[in-house]
């Protein structure tokens with residue numbers, strides 16, 4: 001047999017897997033991969049058990065359990081004053097990564113161009129490549145905001161999709177109403193769609209409100225909006241998310257979804273639906289919960305040599321280590337993990353063409369004691 005030709009020849013193991021494995025090997029505190037070290041709400045876990053024991057163990061509908069889709073509809077209505085149809089516009093997926101992948105496969109054809117903003121979450125570009133499209137990488141500015149003049153200059157007749165991520169992983173920045181106005185103006189009368197990665201929608205800080213593309217009818221009608229139950233309910237391993245899109249887009253989305261995962265764990269869907277209905281205060285209070293953790297983490301690092309750029313959203317915090325070392329960021333996070341005992345993520349891996357900078361990403365979705373131990377180690381760095 002001739003050698004296998006890779007469809008992703010330049011892609012290796014993700015940085016998240018690499019750093020978590022290194023953290024485990026060196027018994028370091030893992031502030032790299034984005035998952036909590038505390039449990040999902042006990043009431044939600046009890047509901048999963050209830051539905052498992054009541055026999056909800058066979059295939060659910062391909063598009064998701066109706067009860068859950070209806071609760072998603074009500075939640076979107078409550079938060080974003082938008083009317084959606086849970087039969088034709090809401091699809092439950094096996095994690096947000098699946099939803100992002102399927103949306104890209106739905107829209108992107110061979111030769112199409114997709115605008116992504118660097119630093120960008122690492123699943124976007126491979127999905128575009130597999131759709132035989134081309135990523136057009138536009139760097140965010142020094143404050144990690146979008147330069148819309150660069151976007152305007154990058155749009156061509158081949159531009160088919162723009163990926164918006166807010167709150168933004170890895171930087172923690174958020175979009176503004178002016179950003180949405182600029183986006184709407186640029187794509188008006190053009191055959192351009194939007195993929196809105198909003199998995200951290202319930203983690204927005206300092207009194208801000210999350211600006212969902214669902215709240216703008218001019219943008220919603222050409223958007224796939226992706227949200228994550230795993231992020232919201234501290235249950236990333238459950239891999240349950242959803243995509244809201246207009247009926248004609250959802251129809252094509254579902255054609256692909258059915259051949260990727262087909263459907264998603266049944267009892268968990270029923271449990272999430274009931275928890276959404278009976279405990280909305282969980283997602284309504286989540287921003288305050290993580291705002292407090294961000295403030296604790298940053299306060300604990302005040303005496304360190306890191307320079308912090310306060311996160312506006314997500315559960316990630318950027319830190320500049322330039323006053324500590326001139327190492328490349330991958331070398332520095334290896335040093336942190338192996339010598340200091342705290343794992344982080346280098347920012348350069350999120351760029352197609354990394355700039356010269358000394359930034360790493362920490363995850364503060366951890367118990368307070370974990371954050372205290374990690375920051376004690378980080379403040380003792382003596383390089």
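The values are calculated or read from the model by the stated rules, or taken from the named source; none is laboratory data. As the structure is a prediction and not an experimental result, all values here were calculated from the model. Quick reminder, even Gly has a Cβ in these numbers, built from the backbone with ideal geometry, and neighbours come from all protein chains shown.
General observations
- Where residue 23 falls short, out of the listed (1) out of contact with any strand residue (DSSP E or B) (no Cβ under 8 Å at 6 or more places or on another chain); (2) farther than 25 Å from residue 210 by Cβ: (1)
- Qualifying residue in segment 145-161 (condition: at pLDDT below 95 and not assigned by TED's automatic domain parsing to the domain that holds residue 348): no
- Listed here are the strands (runs of 3 or more DSSP E) enclosed by segment 305-374 that have at least 3 residues being closer than 21 Å to residue 122 by Cβ and either in contact (Cβ under 8 Å) with a residue 60 or more places away in the chain or touching a strand residue (DSSP E or B) at 6+ places or on another chain (Cβ under 6 Å) (or both): 316-320, 359-363.
- Filtered residue count, segment 32-55, keeping only those that are out of contact with any helix residue (DSSP H, G or I) (no Cβ under 6 Å at 6 or more places or on another chain) and crowded, with 19+ Cβ neighbours inside 10 Å: 3
- Criterion: in a helix (DSSP H, G or I) and in contact with a strand residue (DSSP E or B) (Cβ under 8 Å, 6 or more places away or on another chain) - qualifying residue of 102, 114: 102
- Scope segment 254-271; condition crowded, with 24+ Cβ neighbours inside 10 Å and touching a strand residue (DSSP E or B) at 6+ places or on another chain (Cβ under 9 Å); matching residues: 257, 264, 269
- Just so you know, in segment 125-171 the residues that are within 18 Å of the chain's Cα centre (by Cα) and in a helix (DSSP H, G or I) include one that is nearest to residue 352 (Cα to Cα), and it is 125.
- Residues in segment 245-303 that are without any contact (Cβ under 8 Å) to a residue 12 or more places away in the chain and not in a helix (DSSP H, G or I): 259, 285, 302.
- For segment 42-85, the set of residues classified as in a loop (DSSP other than H, G, I, E, B) and either free of Cβ contacts under 8 Å to residues at least 60 places away in the same chain or assigned by TED's automatic domain parsing to the domain that holds residue 342 (or both) consists of 54, 55, 83, listed by residue number.
- Subset of segment 161-192 [under 19 Å from residue 245 (Cα atoms), touching a helix residue (DSSP H, G or I) at 6+ places or on another chain (Cβ under 7 Å) and surrounded by fewer than 22 Cβ atoms within 10 Å (Cβ to Cβ)]: 180, 184
- The set of residues in segment 18-31 that are out of contact with any helix residue (DSSP H, G or I) (no Cβ under 9 Å at 6 or more places or on another chain), in contact (Cβ under 8 Å) with a residue 12 or more places away in the chain and either under 16 Å from residue 349 (Cα atoms) or in a helix (DSSP H, G or I) (or both) contains only 20.
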